[in-house]
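One structure is given here, and the rest of the page talks about it.
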Amino acid sequence: MSATARGPRAAAPGAPLRGALATGARLGLARRLVIGLPYFWLLLFFLVPFLIVLKISLSTTALRLPPYEPLVTWAADGVMQVKLHWSNFGFVLGDELYRTALLNSIEIAGVSTLICLLIGYPMAYGIARAPSAWRNVLFLLVALPFFTSFLLRVYAWIGLLGRNGPVNDLLLALGLVDQPLQLLQTDFAVYVGMVYSYLPFMVLPLYAAIEKLDLTLLEAAADLGARPVKTFFTVTLPLTKEGIFAGCLLVFIPAVGEFVIPALLGGPDTLMIGRVVWDEFFSNRDWPIASAIAILMLVLLLGFVVLLQRLQSREGRA
Amino acid sequence: MTTDSGAASRDSRPASTEAGRDTYVRIDRVTKKFGAFTAVRQVSLDIRRGEIFCLLGGSGCGKTTLLRMLAGFEQPTEGRLYIDGVDVTDVPPYERPVNMMFQSYALFPHMSVFENVAFGLKQDRVPKAEIRDRVAEMLALVQLQDYGARKPHQLSGGQRQRVALARALAKRPKLLLLDEPLGALDKKLRERTQFELVGIQEKLGVTFVIVTHDQEEAMVLGTRIGVMHAGEILQVGTPTDIYEYPTSRYVADFIGSVNLYEGRIVEDEPDHVRIEVPDMATTVYVDHGIAAPPTAEVAVAIRPEKIHITPYKPLEAENVVRGTIQEIAYLGDNSRYVVRLDTGKVVRVTRPNVYRHDERLAWDDSVWMHWHPSSIVVVTR
Ligand SMILES: Nc1ncnc2c1ncn2[C@@H]1O[C@H](COP(=O)(O)OP(=O)(O)OP(=O)(O)O)[C@@H](O)[C@H]1O
Ligand SMILES: [Mg+2]
C-alpha cells in the first residue's frame, strides 16, 4: 500500500514528474534489454553458424584449408564472381545411401520417441499424482542423470551391455540364455541408449501437462459413467495433448540427428544420418556434402514441426 | 428439546419414521476420517424420493465430504449408504445411479457444449439419434438451444452453470447432487436460477441434494434442510421447522438472527413453563411445556421480528421488558433496533415499516418490548 502511495503517480507535479518520466524511459530500456538479449544470443549462436553451414553447402571441395572453395572470388579485372553449387543438394537427394540413412534415422528416432512416450507417460503421471512430499524426490531422480556427462553415461551402457556385462550375467544366472548374447553393436543397444538418454525430455513436459489437469474433470467423467480406462482416453489424454506434442518434439528432433549413441552402441549396419554427416566431414573431408545434408535435415525437421503445429492448432479451433 | 405442537407433529409424521416408505437415500451412521481428522461424524439421514434436500452449514463442516460420499468419490470410514434400498457403499462412482453438478462445473474444456451434455449418454451406448434428441431436449430445458457448438470457454458463468446442470440431468438420474450450484453467480442471477432449479426439479421429479452455506438459498430451495456443524447433523426439518423450532443454540443462532439468553427453569408444567432469565432481569412465560429435566441448563431464543416495541407500557402483564434504544438501522422495508436493557444486555428487534409516515422511535428513547408467549423457543443443547 505505502509503496504505491510513494510511487511517481502520487507525487506532486513538477520536478518529481520529470523524475517519473525518466524512470519510465529507463524501464523501457531495461525491458528491451531483457527481451533483446536472448534474441541477440540466439541470432549470434544459431543464425550465424547456420549461415556458415549454408555457405559451405553451396561450395565444392578443394585441397585447401578450409577444404572448400570460397563462394566469392575476385577476378583480375575487378569482377566479383559468386559461384553457388546447388548440385550438392541434388547429389544428396539422389543418392541411395543418404536416403536410407535418413529413413533409418527417422525410424529409429520415431520408435525411440514412441517408447519414451509409453514409458514416460506413466512415469509423469505417477510423479504428478504422488504425495507432494514425494514429488520433489521423484523429480530429482528424473533429472539425476544430468549430473554426469552424457558421454560417460553412454560409455557406461557399453559396460552394462557387454558380453561380460551385468545384463548378460543376469540372463545367464536366470537360465534364460545358454551363452552371452550379442547386445552391443545392435539396434537394440541403440534403442536402449536413445530411450535412456532422452526419457527425461519426455517426462518433464508430460509432467507439466498432467500436473495442470483438473482432477474434478476426472471425477466428472466417472460420475457420468465413464470407467477409468475410458476416462483416460476421453479426458486425460486429450487434455494433456500439448505435453505429448512437446515431449515428442523434444525427443524426436535431437534423436534424428543423434551421433554419439549409434556410434558407440550401434553396429556397423546401424546407419544413421548423424554418422553419415560425421563420416563425410571427418573421413571424406567433404564439407560441402556434409553441410548440404545438415541443411536438408533442418528443412525436413522444420517442415515436420510446422506440420505438427498446424495440425494441433486446427484441432484446437475445431 | 422443545415439544411444542409443531415439532411434535413433525416427529410423528409417518414418512420420517424408520419404516421410510418414501426414503430414497439412506445414510446410516456414516463417519469419514481424513487421517486423525473427522470430517463427518456418525451422520444418519433419510432423504425422500422427489424432495429437494438442502445440506446447510458453515465452511468446513463436512457438507461437501458427505455429498462426495454419496457420489462415490470418497469412501466412508464407517457406516453404509443406501440408494433406493440398495447398499451402494462399495459401488464405484461410474456405476451409481447418481449424477453430480460440481461447484466448479467441471465442464470438459476440450468438448463442445453438445459433447459435454452427450458425454454421459455416450457412456451408456445410447444410439446416436437418441443422443441428439436428448441433448437438444436438455439444452432447451436450460434455454441454451443455440449454444451446442460452443466451447465452455466461450460461455458466460451463468451459461456454464446451466450446461453443467444439463449435463448432470441428461442421463435422467434419480438423484442429483449439487455442490453450491449457484455459488459463482451474482445475486440477481442466483435468485432467478433458484426458481428455475425448483421448476426443473418439479418437472422431472428428480431427488435433489443441494449443498449450500447460504441459509436464504436453503430456505428458498429446500423442502427440507439438514443443518450441519463440525461434521454432525444437528437438525433436520422443513425451513419453517428449522427457523421457528430450532432444537439447539447453534441452529437457533445459525439460521437468521436471534436473541439468545441463558436461563433457569423455575416453573415446569405440562402446558407452560417459566424461565428465569438473569440477562433480561425477568421471568419469561412460555405457553407450552418442554421436555427437559428441571435442572437442565436451558436457553431462550426469540427472533427479532417477534418482538413488539412501543414507546408506552403495553397492557400485557407477562413477557414485558424495558430498555433504551441504542441503535437504529432504517432498511426501507423494515427497521432494526438495538435496545439496551438495564442489565447491560441488548435485544435486537426488527419491525416492518408498514406506514410511510410513522411515528418512528428515536435514539435514546425509553421503550417497552413484549412478545407472545408462543414466540419463545427453549433450547437445551
Ligand atoms: N481430502 C481431504 N484430506 C484432508 N482433509 C480434508 C479433505 N477433504 C476435506 N477435508 C477437511 O474436512 C473438512 C470438511 O470439508 P468439506 O469440504 O466437506 O467442507 P464443506 O462443509 O464443504 O465446506 P465449504 O462450505 O467451505 O465448502 C474440512 O475441515 C476439510 O479441511
Ligand atoms: Mg464444500
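Descriptive notes on the structure:
- Environment charge at B:E297 (Cβ cut-off 15 Å; Lys +1, Arg +1, Asp -1, Glu -1): -1
- Environment charge at A:T73 (Cβ cut-off 15 Å; Lys +1, Arg +1, Asp -1, Glu -1): +1
- Gyration tensor verdict on the protein assembly as shown (Cα atoms; rounded if a/c is under 1.5, prolate if a/b is larger than b/c, oblate otherwise): prolate
- For the residues of A:228-238, the average number of beta carbons from a partner chain within 10 Å of their own beta carbon is 2.
- Over chain B: helical MRE at 222 nm, DSSP H runs n ≥ 4 each giving -39500 (n - 2.57), nearest 500: -7000 deg cm²/dmol
- Ranking of B:R303, B:R351, B:R192 by count of other Cβ atoms within 10 Å, fewest first: B:R192, B:R351, B:R303
- B:E318-A:K55 pseudo-label distance in nm [points 7 Å out on the Cα-to-Cβ vector]: 11.0
- Between amide H atoms placed 1.01 Å from N, distances below 5 Å from B:G79 occur with B:T31, all of them 5 or more places distant or on a separate chain.
- Ignoring lysines fewer than eight residues from B:K203 along the same chain, the ones with Cα atoms less than 26 angstrom from its Cα are B:K122, B:K128, B:K171, B:K174, B:K187, B:K188.
- When chain A is treated as a GNM with alpha-carbon contacts under 10 Å, the residue of A:W278, A:W74, A:W157 showing the greatest mean-square fluctuation is A:W74.
- Region B:15-250: C-alpha gyration tensor shape, a/c 1.5 cut-off, then a/b vs b/c: prolate
- Between the C-alpha center of region B:63-95 and that of region A:79-144 there is a gap of 47 Å.
- The order of B:K33, B:K306, B:K203, going from fewest to most other C-beta atoms within 10 Å of their C-beta, is B:K203, B:K33, B:K306.
- Most mobile listed residue (B:G323, B:G35, B:G50) in chain B, GNM with C-alpha springs under 10 Å: B:G35
- Partner lysines for B:K33 [C-alpha distance under 26 Å; skip if fewer than 8 residues away on the same chain]: B:K63
- Between region B:25-60 and region B:332-381, the C-alpha centres lie 37 angstrom from each other.
- Within region B:283-381, chymotrypsin sites (Phe, Trp or Tyr not before Pro) in DSSP loop having at most 11 other beta-carbon neighbours inside 10 Å: B:Y312, B:Y355, B:W363
- A straight chain from A:R310 to A:V82 at 0.36 nm per residue would run longer than the Cα-Cα distance by 78.3 nm.
- Shape of region A:170-294, Cα gyration tensor, a/c cut at 1.5: oblate
- Counting only residues at least eight positions apart within a chain, or on another chain, the lysines with an alpha carbon under 21 Å from that of A:K83 are A:K55.
- Region A:205-221 versus region B:116-150: alpha-carbon centroid distance in Å: 25
- Cβ-defined net charge surrounding B:T282, 13 Å radius [Lys, Arg +1; Asp, Glu -1]: -1
- Separation in nanometres of the label points that stand 7 Å from Cα toward Cβ, at A:L160 and A:E211: 2.5
- Cleavage-rule hits, trypsin sites (Lys or Arg not before Pro), region B:85-142, DSSP coil, Cβ neighbours within 10 Å at most 11: B:R125
All of the numbers you see were taken from the coordinates with simple rules; none came from a lab. What you are looking at is a predicted structure, and each value in this text was computed from that prediction instead of being measured. With ideal geometry, Cβ positions are generated from the backbone for all residues, glycine too; neighbour counts draw on all protein chains shown.
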